[in-house]
Amino acid sequence: MAVNSPSPLPERAIYGFVLFLGSQFGLVLYLVWAYIPESWLHSIGLTYWPQKYWALALPIYLLVALTLSLVMLFGVNMINTAPLCSVDNITDHFAKSQRLDTVQDGAIPRLRDVSVTEVNHHFYLSQHELQDLRTRVPKISDLH
């Protein structure tokens, strides 16, 4: 029976150790292939190795693929984000708001929904304009 627990189990320790040994062996094998001249490898009987070109090209290809995937992820998120004038940004009274009375100093605040109005205030208003706005405009919760 599978146990869904993040606690350390003997099986996980064994799998982790085998993964550690396998990755260390792979790193040593890669470094031997990349740095030892082919004539030395042929002299000890290791004749079937990929070209040395791939010792440099493969990590570069992987880094380029990782960079492109991060750019694509950012682009897809930007495409899927609703514009500020969208009806999808309208919220109701069921949205989770931040409870400021239980937040400790230096603690990470609880998960909450951030309204578009609050985001616009933080990004597009200076501290002086924000202070003036807070003193002039009543909160939505005060109007009900």
Quiz item: Roughly how many Å² of Glu118 are accessible to a 1.4 Å probe, to the nearest 10?
Solution: 50 Å²
Practice problem: Could you run the Karplus curve 6.51 cos²θ - 1.76 cosθ + 1.60 with θ = phi - 60° over region 72-77 and give me ³J(HN,Hα) per residue in whole Hz, x for Gly and Pro? | Solution: 5, 4, 4, x, 5, 5
Quiz item: Based on the Cβ-Cβ distance from Leu68 to Tyr30, what FRET efficiency comes out when R0 is 35 Å, to the nearest 0.05?
Solution: 0.90
Quiz item: Tell me, what is the FRET efficiency for Val76 and Thr117 to the nearest 0.05, using R0 = 35 angstrom and their Cβ-Cβ distance as r?
Solution: 0.85
Practice problem: Please arrange Ile108, Ile36 by accessible surface area, largest first, computed with a 1.4 Å probe and ligands excluded. | Solution: Ile108, Ile36
Self-check item: Gain on full stretching of the segment that runs from Asn89 to Lys52 - 0.36 nm per residue minus C-alpha separation
Solution: 7.9 nm
Quiz item: Residues of region 9-40 with amide nitrogen under 17 Å from the 7 Å Cα-to-Cβ point of Ile60?
Solution: 34-35
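The values are calculated or read from the model by the stated rules, or taken from the named source; none is laboratory data. Computed from a predicted model, the values in this text were never measured in an experiment. Positions of Cβ are generated from backbone atoms using ideal geometry, with glycine treated the same way; all protein chains shown enter the neighbour counts. For the accessible areas, the whole protein counts, side chains as well, though only heavy atoms, and no ligand, DNA or RNA atoms are used. Shrake-Rupley method; radii C 1.70, N 1.55, O 1.52, S 1.80 Å.
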